[in-house]
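These notes concern the structure reproduced below.
The values are calculated or read from the model by the stated rules, or taken from the named source; none is laboratory data. Please read all numbers here as calculations on a predicted model, not as lab measurements. As a convention, Cβ positions derive from the backbone with ideal geometry for all residues, glycine included, and neighbour counts pool all protein chains shown.
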Amino acid sequence: MARIVVITSGKGGVGKTTTSAALATGLAMEGHRTAVIDFDVGLRNLDLIMGCERRVVYDFVNVINGDANLRQALIKDKRTENLFILPASQTRDKDALTEEGVEKVLDELSQEFDYIICDSPAGIERGALMAAYFADAAIVVTNPEVSSVRDSDRMLGILSSKTRVAERGEGPLPAKLLLTRYSPERVEKGEMLSVDDVTEILSIEMLGVIPESQSVLNASNAGMPVILDAESDAGQAYRDAVARFLGEDRPHRFLTTQKKGLFGRLFKG
Amino acid sequence: MNAHPSPIQPIELKGRMILVSILRLHDADTDQLNEALDARMREAPELMRDMPLLVDVEHLANTPAETLTQVIEAIRGRGFKLIGLQQGAVAQSVASGIGLPLIVLGGKGTEVPLRAAPSPQAEPANEPSPSVHKESASAVQALHTASLVVNQPVRSGQQVYARGGDLIVLGTVSAGAELLSDGHIHVYGTLRGKALAGVRGMTGARIFCRRLDAELVSIAGHYRIAEDILDAERGENRLVTLAGETIVISEI
Ligand SMILES: Nc1ncnc2c1ncn2[C@@H]1O[C@H](COP(=O)(O)OP(=O)(O)O)[C@@H](O)[C@H]1O
Ligand SMILES: [Mg+2]
């Protein structure tokens, strides 16, 4: 049976899709058979970031409607073994994802995969709820700013009641936080919330802190998950996060301003 | 005409908070509805009669206005305290005919799964019969029967109501979250949201919190919003009480 993990946030543009691509790739690199599903009906971002947009034939909605079977719709990643992508539909019909349909697809994927990563659309409406409903765990993606943290808080509340796990009375959906686009410089200037602020407000375990990094933009322009860029700070931070997700204990990195060490700050004047 | 202005203002405006219940109608079948209303009233006559009620008719889009009017009359006729219709498209079309104002209730609070099933003693059915001291008597009695303990953080958009007792929250209460209690409220994390104690009139209700940074605190309908809570009053180990008509925040 696969473990279903939803990548969600409430707010848009915080790094859900970037994270879905990185986490799915990272898990596959560790040898876990992984499928990543784009729930963002009408937008289709994941296939671009995974660099497989030109190989899309069928999509999630086609499978739900019975126009294609899963084997036809799943795209095998060219760079990473064990990794498959189920792209979102371009359809404008947001109601195309039915609960029964989603459940059927997830059940079928569960037979074959170790992990199913669900890339949620923004918002707290139907699409986001559908992406989260069948999950066994959630990763809530947050940026270090007040409105993003507030939305994540709201999403955490929803996850504690509007998921299958919660409805079965098995308690709130287990959720961890991924703080992305973190800029230590801006935190020091007081323009952004710090890791401690965010942890304190949300009272939830921190899976990782991903620095704000040009490498993310470069990778996404190249159609490559940033985790494959082993040289980059963001790539390394995502690797740490995947290791922690798999139970390893790793210290958080990239939390303080680079180059300017302790002395730099002490003698800043 | 009096040439000198009277020192007494002709009107005085005072803010108070009340707890409003929403009665959502799912079906306009009059017989079924009457039956359900009667059952509710039998269960908790005092509670139902005391509680200001807002009617939500948005699920009855296909019901003719005439039937809706009858339905509302049926509710009124049973002694429910109707204060208005919940704002919405259906309500808009019938409100003037029914003679009830449209009221917007901010934020559709998320259903919270945290609510413990009330213990049998807490059922208002065996409340003492009405007497002058009814309120305080039943409140005191209830305190020992229906305390609600919440083990998780209460998050933005969530609402927890401890009916007939105290509310005890072990985690933090986020900005945008709301705690309601007929009795006291205890928060063992940081209180950043709203906390309303004694919502059914218990003036002796208190709010205790490990750290207070609230958006609003209220006791028995008297309240202070964030803007009126001084920085010095925010901080660790705070106690909120009602002294006369004033909300007092002090250190424990
Ligand atoms: N760590 C980061 N550093 C810099 N830019 C980032 C980072 N994470 C995400 N971005 C950028 O932010 C934008 C939104 O990211 P995306 O993953 O599409 O968010 P979402 O799926 O939540 O809408 C993209 O342009 C992406 O390249
Ligand atoms: Mg996205």
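Tally time: how many residues in segment A:155-197 are out of contact with any Pro (no Cβ under 9 Å at 6 or more places or on another chain) and crowded, with 22+ Cβ neighbours inside 10 Å?
6
May I ask you to list the residues in segment A:204-243 that are surrounded by fewer than 19 Cβ atoms within 10 Å (Cβ to Cβ), outside any helix (DSSP H, G or I), away from ligand 2 (no atom under 16 Å from the Cβ) and among the small types (Gly, Ala, Ser)?
Matches in segment A:204-243: A:222, A:230.
Considering only segment A:115-144, state which residues are away from every other protein chain (no Cβ under 14 Å), more than 14 Å from ligand 2 (Cβ to nearest atom) and assigned to a loop (DSSP other than H, G, I, E, B).
Within segment A:115-144, A:134, A:135, A:136, A:144 meet the criteria.
Considering only segment A:180-232, state which residues are of a type in the set (Gly, Ala, Ser) and over 18 Å from the mean Cα position of the chain (by Cα). Write out each step before concluding.
Step one: filter segment A:180-232 for residues of a type in the set (Gly, Ala, Ser), giving A:183, A:190, A:194, A:203, A:208, A:213, A:215, A:219-220, A:222-223, A:230, A:232.
Those that are of a type in the set (Gly, Ala, Ser) and over 18 Å from the mean Cα position of the chain (by Cα): A:183, A:190, A:194, A:203, A:222, A:230, A:232.
Would it be correct to say that residue A:148 is out of contact with any helix residue (DSSP H, G or I) (no Cβ under 8 Å at 6 or more places or on another chain), within 14 Å of another protein chain (Cβ to nearest Cβ) and within 16 Å of ligand 2 (Cβ to nearest atom)? Steps first, answer last, please.
Numbers: out of contact with any helix residue (DSSP H, G or I) (no Cβ under 8 Å at 6 or more places or on another chain): yes; within 14 Å of another protein chain (Cβ to nearest Cβ): yes; within 16 Å of ligand 2 (Cβ to nearest atom): yes.
For residue A:148, the condition - out of contact with any helix residue (DSSP H, G or I) (no Cβ under 8 Å at 6 or more places or on another chain), within 14 Å of another protein chain (Cβ to nearest Cβ) and within 16 Å of ligand 2 (Cβ to nearest atom) - is met.
Between a first residue in segment A:108-134 that is under 14 Å from residue A:83 (Cα atoms) and hydrophobic (A, V, I, L, M, F, W, C) and a second residue that is assigned to a loop (DSSP other than H, G, I, E, B) and more than 16 Å from ligand 2 (Cβ to nearest atom), which pairs have beta carbons less than 7 Å apart while being 6 or more apart in sequence or on different chains?
Pairs found: A:109/A:2; A:113/A:2; A:113/A:33; A:116/A:2; A:118/A:135.
Any residue that is more than 18 Å from the chain's Cα centre (by Cα) and modelled with pLDDT of 95 or more - is there at least one of those in segment A:30-48?
Scanning segment A:30-48 turns up at least one residue that is more than 18 Å from the chain's Cα centre (by Cα) and modelled with pLDDT of 95 or more.
List every residue pair whose Cβ atoms lie under 6 Å apart, where the two residues are 6 or more positions apart in sequence or sit on different chains, the first residue falls within segment A:198-226 and is farther than 12 Å from residue A:21 by Cβ and more than 14 Å from chain B (Cβ to nearest Cβ), and the second residue, located anywhere, is assigned to a helix (DSSP H, G or I) and aromatic (Phe, Trp, Tyr).
Note: no pairs meet the criteria.
For segment A:87-106, give me the residue count where each residue is touching a residue at least 40 places away in the same chain (Cβ under 8 Å) and outside any helix (DSSP H, G or I).
8
I'm trying to understand the selection: among the residues of segment B:164-182, which are more than 13 Å from chain A (Cβ to nearest Cβ) and over 18 Å from residue B:21 (Cβ atoms)?
Residues of segment B:164-182 that are more than 13 Å from chain A (Cβ to nearest Cβ), as a first pass: B:164-168, B:179-182.
If the condition is that a residue be more than 13 Å from chain A (Cβ to nearest Cβ) and over 18 Å from residue B:21 (Cβ atoms), then B:166, B:168 are the ones that fit.
If the requirement is being within 16 Å of ligand 1 (Cβ to nearest atom), more than 15 Å from the chain's Cα centre (by Cα) and either of a type in the set (Phe, Trp, Tyr) or within 14 Å of residue A:10 (Cβ to Cβ) (or both), which of these qualifies: A:147, A:152? Give the derivation first.
Details: A:152 fails: more than 15 Å from the chain's Cα centre (by Cα).
Being within 16 Å of ligand 1 (Cβ to nearest atom), more than 15 Å from the chain's Cα centre (by Cα) and either of a type in the set (Phe, Trp, Tyr) or within 14 Å of residue A:10 (Cβ to Cβ) (or both) holds for just one of A:147, A:152, which is A:147.
Taking the conditions exactly as written (within 14 Å of chain B (Cβ to nearest Cβ), among the charged types (D, E, K, R) and more than 18 Å from the chain's Cα centre (by Cα)), does residue A:170 satisfy them or not?
yes
Yes/no matrix, rows are residues, columns are (1) assigned to a strand (DSSP E or B); (2) in contact (Cβ under 8 Å) with a residue 40 or more places away in the chain:
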{"site": "B:146", "(1), (2)": "no, no"}
{"site": "B:183", "(1), (2)": "no, yes"}
{"site": "B:186", "(1), (2)": "yes, no"}
{"site": "B:195", "(1), (2)": "yes, yes"}
{"site": "B:217", "(1), (2)": "yes, no"}
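Kindly provide the set of residues from segment A:62-86 that are surrounded by 16 or more Cβ atoms within 10 Å (Cβ to Cβ) and touching a residue at least 40 places away in the same chain (Cβ under 8 Å), ordered by number.
A:63, A:64, A:77, A:80, A:82, A:83, A:84, A:85, A:86
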